[in-house]
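Take a look at the structure below.
The numbers here are math on the coordinates, done by the rules we state, and not lab data. Remember, it's a predicted structure, so these values are computed and weren't measured experimentally. Note that we place each Cβ from the backbone using ideal geometry, even for glycine, and neighbour counts take in every protein chain shown.
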Amino acid sequence: MRKMLLLLLAVVCPAMLLLGQTRTISGKVSDATGAPIPNASIIIKGTNAGTTSTSDGTFSLSVPHRARSLVISAVGMEPL
């Protein structure tokens, strides 16, 4: 019984650590002509966590493993 419990812990603990991982996503926000969009808001969909793009349109954001979508918005731009 003790061996079975230890084996179960050895399998479950590393799996739990993998679920808590974050990854960094970086990119550039630009318009249809390729011009950078400064100060665009980049938010993880369903959360309040996010960042803004720099003056050259680039951004970097740490997102949890479970995140699937980013919402990008900017003043004067229409959503697609």
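Test of understanding: ordering Met77, Met1 by Cβ neighbours within 10 Å, fewest first, what list do you get? Before the final figure, lay out each step's value.
Details: Met77 12, Met1 5.
By the 10 Å Cβ count, ascending: Met1, Met77.
Which distance in nm do the two modelled labels at Met77 and Ser60 give, with both placed 7 Å along the Cα-to-Cβ direction?
2.0 nm
So what are the ³J(HN,Hα) numbers for segment 58-71, from phi and the Karplus equation (6.51, -1.76, 1.60; θ = phi - 60°), rounded to whole Hz, Gly and Pro as x?
With the stated coefficients, segment 58-71 comes to 7, 8, 9, 9, 8, 10, x, 4, 7, 5, 10, 9, 10, 10 Hz.
If you take the beta carbon distance between Thr22 and Arg2 as r and set R0 to 35 Å, what does 1/(1 + (r/R0)^6) give as a FRET efficiency, to the nearest 0.05?
The pair Thr22/Arg2 has a calculated efficiency of 0.50.
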